[in-house]
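The values are calculated or read from the model by the stated rules, or taken from the named source; none is laboratory data. Given the structure is predicted, the values throughout are model-derived calculations rather than measurements. Heads up, the Cβs are rebuilt from the backbone with ideal geometry, glycines too, and the neighbour counts pull from every protein chain shown.
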Amino acid sequence: MKALIEALNLPEDNKLFIDGAWVQSNSPHRYSVIDPGTSIPLMSNAIACADDIEKAVHSSTQGQQNWQELTPSERALCLFDLARALEECLQEFATVEAIDTGKPYSEAQGDIQVCIDFLRFYAGLCDKIHGETIPIDPTQMSFTIKEPVGVTLHIIPWNFPLFTCIRGIAPALAAGCSVIIKPSEHAPASILKFAQLTAEINFPSGVINVITGFGLPTGELLCQHPAIKHITFTGSKKTGTQVLKCAANNMTTCTMELGGKSPAIVFGDADIDSAVEDVFVASFLNSGQVCSCASRIILDRSIKNVFSEKLTSKVANSDMGHGMTDRQFAAINNQTQLDKIETFVNQAIQEGAEILIGGKRHIDPEHPNGLYFLPTIIDNLPPDSALLTQEIFGPVICLQTFEDEEQAVCLANNSEFGLQAGIYTRDVTRALRISKKIDAGQVNINQYYTSEVYIPFGGNKSSGFGRECGAGAVENYLKIKATSINLNIE
């Protein structure tokens, strides 16, 4: 594995990407990034300071003005070129993503393909952004135009780095905005590689800048900057709240995609085998390090035993290893997250919960220093258990039981979060009836995950506000100007 990491030729000491070039930080402080599957160091990155951020914002301000002055067709061509360049390097990017995040290679490969799809989808929208005329009376003419908001900030999490990055910046670029990207300190490699790709294809300078560092001070300084006109944030509710406080000082608009504690409801008439297969993916994709994953499985009592036995059997027959071995389960991204998962599970055990499978760390014989936790299914939790209310962000799911529809809905909505839900039943009328009652941004029936590109994605309640994906995401980065003309003047 060490030889594979060395073959990637990742820079040992990364600089900041500003104005289309790599720039040395004015700060002497740096941090290290590891491969979580082995704990082998990957790279060292700069912790950007206030001077660095001023340079990036100045570059983005000028870059945005130049970008806005291009025709929509010219911006579209730039995005199509970027998609094509990324597609040519898909396997290399997938390898970097798998090693940096810890996820299985095939999942990383799928993530990069969706990034390409995002770029092409929003490239196609560049020349379809327009205002409208508004009829008032014969003596007036009124119309609107849509303008880019300006410089936008994108704060990226560690679980889907490039995927989340492109999901946010593609509609911003289509709208005519420039972007500053602040990747997570735990998994910045694919975004830094993406920055290099933009330089190699001569993407307009200043339109895409990348600043590395921690939430403090780097992230806070960026969020507080008055030249930032919109912030797109993906992460925890706790950090999101701090971002909002910083943004409030400058009345900066935000799109917030925060945590989840999403339910999957399985009724007695569901196709059990199909539901088990789907719930397995819904719960354990990327080892459960997915904001929208199904972490609460709410089962009709009539099928509780058979469903839990089948799901437990599937987990027992799965395998685990380094992401590049492409097994079903791979590493947890960082030590802090691994410790958090273990703490929650141990607390549940102390509360008297039943561990059906898993429940502890895994030592990989090939990589004993890797960060692994066994896929875990927990039953008989007390109703007030933290595992039922707080986002764990790991391969841990909780089983609950219901007697009727009303109780199923009550259990599903018994969370401060409202990101996603799944319903499994052959009764379409019931499915639609339950869907209306569930307070979540997405509800999927007889499936859990759906197209990432075309369908609006975002949460209710503490899961945030605003929507990403789909054509409507461009509106996050536009402002409307209304103009009215008096036609009575001779």
Scanning the stretch 45-67 residue by residue, the ones that are touching a residue at least 60 places away in the same chain (Cβ under 8 Å), assigned to a helix (DSSP H, G or I) and not charged (D, E, K, R) total 12
For the stretch 175-218, give me the residue count where each residue is under 16 Å from Thr253 (Cα atoms) and not in a loop (DSSP other than H, G, I, E, B).
4
Does Ala431 satisfy the criteria of being surrounded by 15 or more Cβ atoms within 10 Å (Cβ to Cβ), at pLDDT 95 or above and outside any strand (DSSP E or B)?
yes
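Return yes or no: is Gly352 modelled with pLDDT of 95 or more, within 28 Å of Ala108 (Cβ to Cβ), over 21 Å from the mean Cα position of the chain (by Cα) and not acidic (Asp, Glu)? Let's see the steps before the verdict.
On the way: modelled with pLDDT of 95 or more: yes; within 28 Å of Ala108 (Cβ to Cβ): no; over 21 Å from the mean Cα position of the chain (by Cα): yes; not acidic (Asp, Glu): yes.
So Gly352 fails the test.
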Quick check on the stretch 31-44: of everything there that is in contact with a Gly (Cβ under 8 Å, 6 or more places away or on another chain) and among the polar types (S, T, N, Q), which residue is surrounded by the most Cβ atoms within 10 Å (Cβ to Cβ)?
Thr38
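Report yes if Glu257 is surrounded by 24 or more Cβ atoms within 10 Å (Cβ to Cβ) and at pLDDT 95 or above, otherwise no.
On the way: surrounded by 24 or more Cβ atoms within 10 Å (Cβ to Cβ): yes; at pLDDT 95 or above: yes.
Answer is yes for this residue.
Can you tell me which of Leu388, Leu399 is over 25 Å from Ser106 (Cα atoms) and over 23 Å from the mean Cα position of the chain (by Cα)? Explain how you work it out, then say what you get.
Details: Leu388 fails: over 23 Å from the mean Cα position of the chain (by Cα).
The unique qualifying residue is Leu399.
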Tyr448 being surrounded by 14 or more Cβ atoms within 10 Å (Cβ to Cβ) and part of a loop (DSSP other than H, G, I, E, B)
yes
Of all residues in the stretch 308-332, which are over 17 Å from Gln109 (Cβ atoms) and either in the same structural domain as Pro36 (by TED's automatic domain parsing) or not in a loop (DSSP other than H, G, I, E, B) (or both)?
Ser308, Glu309, Lys310, Leu311, Thr312, Ser313, Lys314, Val315, Ala316, Met320
What's the total number of residues in the stretch 266-300 that are among the acidic types (Asp, Glu) and assigned to a helix (DSSP H, G or I)?
3
Under 6 Å between Cβ atoms, which residue pairs at least 6 apart in sequence (or on different chains) link something in the stretch 300-327 that is more than 21 Å from Ile378 (Cβ to Cβ) with a partner that is part of a helix (DSSP H, G or I)?
Gly323/Ala98; Gly323/Tyr105; Met324/Ala98; Met324/Tyr105; Asp326/Tyr105; Asp326/Ser106
Of the residues Leu79, Leu42, which is of a type in the set (A, V, I, L, M, F, W, C), in contact with a helix residue (DSSP H, G or I) (Cβ under 7 Å, 6 or more places away or on another chain) and assigned to a helix (DSSP H, G or I)?
Leu79
Taking the criterion of being at pLDDT 95 or above, assigned by TED's automatic domain parsing to the domain that holds Val281 and in a loop (DSSP other than H, G, I, E, B), would at least one residue in the stretch 333-344 satisfy it?
yes
I'd like to check something: does the stretch 311-318 contain any residue that is surrounded by 21 or more Cβ atoms within 10 Å (Cβ to Cβ) and either of a type in the set (A, V, I, L, M) or within 28 Å of the chain's Cα centre (by Cα) (or both)?
yes
So Phe214 passes all but one of these: (1) surrounded by 20 or more Cβ atoms within 10 Å (Cβ to Cβ); (2) touching an Asp or Glu at 6+ places or on another chain (Cβ under 6 Å). Which condition number does it fail?
(1)
Looking at the stretch 150-162, I want the residues that are in contact (Cβ under 8 Å) with a residue 40 or more places away in the chain and more than 13 Å from Val57 (Cα to Cα) and have a partner that is assigned to a loop (DSSP other than H, G, I, E, B) and among the hydrophobic types (A, V, I, L, M, F, W, C) with Cβ atoms under 7 Å, at least 6 apart or on another chain. Which pairs are those?
Trp158/Ala187; Asn159/Val290; Pro161/Ala187
Assuming Gly213 fulfils every condition listed in (1) of a type outside the set (Val, Ile, Thr); (2) farther than 23 Å from Ser184 by Cβ; (3) under 19 Å from the mean Cα position of the chain (by Cα) apart from one, which condition is it?
(2)
